[in-house]
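The values are calculated or read from the model by the stated rules, or taken from the named source; none is laboratory data. Small disclaimer: the values here were computed from a predicted structure and weren't measured. Neighbour counts run over all protein chains shown; Cβ positions are idealised from the backbone, glycine included.
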Amino acid sequence: MTTERAENSADRAEKSADRAENSADRAEKSADRAENSADRAVTGVEFPELGCYGLAGHSASPRDLVDEVQQAEELGLGSVFLSERFNVKDAAVLAGAAGAVSRHIGIATAATNHNTRHPLVTATMATSMHRLTGGRYALGLGRGFNLLFDVMGVPRVTSAQMEDAAGIYRTLWKGEAVVGHDGPAGKYPFLMQDASFDEDIPLMLMAIGDQTLKLAGRIADGVVLHTFFSDETLERSVAIIRESATESGRDPAAIRIWSVLATVEESIPEELRLRKLVGRLATYLQGYGEVLVRSNGWHLADLERFRNDPFVQGFSGAFDAVGTVDDLTRVSKLLPDHWLAASATGTAEQCAQRIADQFTAGADSVILHGATPTELAPVLDAWRSIRPGDRFDRLPANPGRALP
């Protein structure tokens, strides 16, 4: 009996130890939940006024975006913008991936085109992203390339179409039906998402030329301008947008205007520097050089000399995607120095000063284009030292929203 009682006592002691261990486990899990809850409650970012492009330029692996978005959040960038190319850069897929691996960074397509998807499909993409991200997503539209649309067999984009498409999306997002629609964006007998919807999704436009800038002032919540805008062109573009908004009876300050600044800090290797500056500008000039040159007041003769060069004419593909160092070095000699100077280069401190110049010229926010979040780290450190925090700290996380 004595042996049996001792054995029972040992069993009870073991069970007591198990209960204590389970209690400790529950306490640890409770602490973890509290810590995670506290983390989720932190919704701000350090630099809401700054953004970057995900998968800037060419990428063979869209999965790289997952790491880039997480790195951008860790560095405090406020927004990530997603362009679209018809290879492995589908705007909807990339936006969904960015939303799934982030908690507070703003996300915008910049841009997709209204004519490459049915309006109900695009509206559904936007509402899905809006709810997935808790309101951090903005749908960004652009004009695209006429030559590409011609070979694809889809209609060229017009201002009337973009304005009509915007109206369709906003009607659907408010839970209303589009019935018997016959307008510039197309004929649609009946479109409907969900009668319970009352979604407030910002619509952004990508703008270069004056007509699109004026359209943005009439209908957009946010505007993304173009890389390689001179400071004078940036200032003029902001004024056109604000004036158009005023003429349309809108509050011009309610439109958030993003400049796009090619940013290549000096520590970036020469091959990458050439690709991010020369390759990027040359690719723009291949596709829609006239509108960029005219917007900046540059000489069209310089564009013609670039395009008529036998090497450029015989080049197959986009310079920023497939150009070698030798290719890009050769192309750089065809581009006027002041065209490439519309960027942020040199030391991190010099790049930070160029960011400040964008705000002086009237931008509300700045996209640091062409660099990965990791490559931007020295520039962000330098910007932190001169940043006027009070000016930007209340900016919304959504890149399509202006100051309240």
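For segment 161-262, which fully contained strands (runs of 3 or more DSSP E) count at least 1 residues that are under 30 Å from Arg354 (Cα atoms) and either modelled with pLDDT of 95 or more or small (Gly, Ala, Ser) (or both)?
Details: elements: 178-183, 186-191, 203-206, 222-224.
The qualifying strands (runs of 3 or more DSSP E) are 203-206, 222-224.
Are there any pairs with C-beta distances below 8 angstrom linking a residue in segment 351-376 that is without any contact (Cβ under 8 Å) to a residue 40 or more places away in the chain to a residue that is aliphatic (A, V, I, L, M) and in a helix (DSSP H, G or I), with the two at least 6 apart or on different chains, and if so which?
Ala352/Val379; Ala352/Ala382; Ala352/Ile386; Gln353/Ile386; Ala356/Ile386
Within segment 378-404, restricting attention to residues that are among the small types (Gly, Ala, Ser) and outside any helix (DSSP H, G or I), which residue is nearest to Glu74 (Cα to Cα)? Explain how you work it out, then say what you get.
Start the filter on segment 378-404 by keeping residues that are among the small types (Gly, Ala, Ser), which leaves 382, 385, 389, 397, 400, 402.
Filter once more, so that each one left must be outside any helix (DSSP H, G or I): 397, 400, 402.
Details: Ala397: 15, Gly400: 21, Ala402: 23 Å.
Going through the qualifying residues, I end up with Ala397.
State all residues of segment 43-78 that are among the aromatic types (Phe, Trp, Tyr) and over 15 Å from Asp381 (Cα atoms); if no residue qualifies, say none. Spell out how you get there, then give the answer.
So in segment 43-78, the residues among the aromatic types (Phe, Trp, Tyr) come out as 47, 53.
Scanning segment 43-78 gives a single hit, Tyr53.
Looking at Gly140, Gly153, Gly134, Gly144 in this structure, which one is modelled with pLDDT under 95 and either basic (Lys, Arg) or out of contact with any helix residue (DSSP H, G or I) (no Cβ under 7 Å at 6 or more places or on another chain) (or both)?
One residue alone meets the criteria, Gly144.
Looking for something without any contact (Cβ under 8 Å) to a residue 40 or more places away in the chain, assigned by the TED database to the domain that holds Leu292 and basic (Lys, Arg) - is there at least one such residue anywhere in segment 170-189?
Looking for residues that are without any contact (Cβ under 8 Å) to a residue 40 or more places away in the chain, assigned by the TED database to the domain that holds Leu292 and basic (Lys, Arg), one finds none in segment 170-189, hence no.
Got at least one residue in segment 111-123 being at pLDDT 95 or above, hydroxyl-bearing (Ser, Thr, Tyr), within 20 Å of the chain's Cα centre (by Cα) and not in a helix (DSSP H, G or I)?
Initial filter on segment 111-123 (at pLDDT 95 or above): 111-123.
Then keep just the ones that are hydroxyl-bearing (Ser, Thr, Tyr); that gives 112, 116, 122.
From the residues that got through so far, the ones that are within 20 Å of the chain's Cα centre (by Cα) too are 112, 116, 122.
Pick out the ones that are also not in a helix (DSSP H, G or I) and you get 112.
Taking every residue of segment 111-123 in turn, at least one turns out to be at pLDDT 95 or above, hydroxyl-bearing (Ser, Thr, Tyr), within 20 Å of the chain's Cα centre (by Cα) and not in a helix (DSSP H, G or I).
Looking at segment 246-275, I want the residues that are touching a residue at least 40 places away in the same chain (Cβ under 8 Å) and have a partner that is assigned to a helix (DSSP H, G or I) and among the acidic types (Asp, Glu) with Cβ atoms under 7 Å, at least 6 apart or on another chain. Which pairs are those?
Final answer for the pair search is Glu265/Glu375; Ile268/Glu375; Arg275/Asp320.
Report the residue count in segment 110-134 for those that are in contact with a Leu (Cβ under 7 Å, 6 or more places away or on another chain) and either farther than 13 Å from Pro202 by Cα or not assigned by the TED database to the domain that holds Ala56 (or both).
From segment 110-134, those in contact with a Leu (Cβ under 7 Å, 6 or more places away or on another chain) are 110-114, 119-120, 123, 126; that's our starting set.
Narrowing further to those that are either farther than 13 Å from Pro202 by Cα or not assigned by the TED database to the domain that holds Ala56 (or both): 111-114, 119-120.
Count: 6.
Mind listing just one residue for me: the one in segment 220-238 that is of a type in the set (Gly, Ala, Ser) and out of contact with any strand residue (DSSP E or B) (no Cβ under 6 Å at 6 or more places or on another chain) and, of those, surrounded by the most Cβ atoms within 10 Å (Cβ to Cβ)? Don't jump to the end; show me each part of the working.
Our first condition is that a residue be of a type in the set (Gly, Ala, Ser); within segment 220-238, this holds for 220, 222, 230, 237.
Remaining after also requiring out of contact with any strand residue (DSSP E or B) (no Cβ under 6 Å at 6 or more places or on another chain): 230, 237.
Details: Ser230: 17, Ser237: 27.
That would be Ser237.
So that you can scan it fast, the table gives a plain yes or no per residue for (1) farther than 19 Å from Ala402 by Cβ; (2) in contact with a Lys or Arg (Cβ under 6 Å, 6 or more places away or on another chain); (3) surrounded by 23 or more Cβ atoms within 10 Å (Cβ to Cβ):
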| site | (1), (2), (3) |
| --- | --- |
| Ala123 | yes, no, yes |
| Ser159 | yes, no, no |
| Ala166 | no, no, no |
| Gly175 | yes, no, no |
| Pro189 | yes, no, no |
| Ala195 | yes, no, no |
| Glu199 | no, no, no |
| Gln211 | yes, no, no |
| Arg218 | no, no, no |
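If we scan segment 297-318, do we find a residue that is surrounded by 17 or more Cβ atoms within 10 Å (Cβ to Cβ) and at pLDDT below 95?
yes
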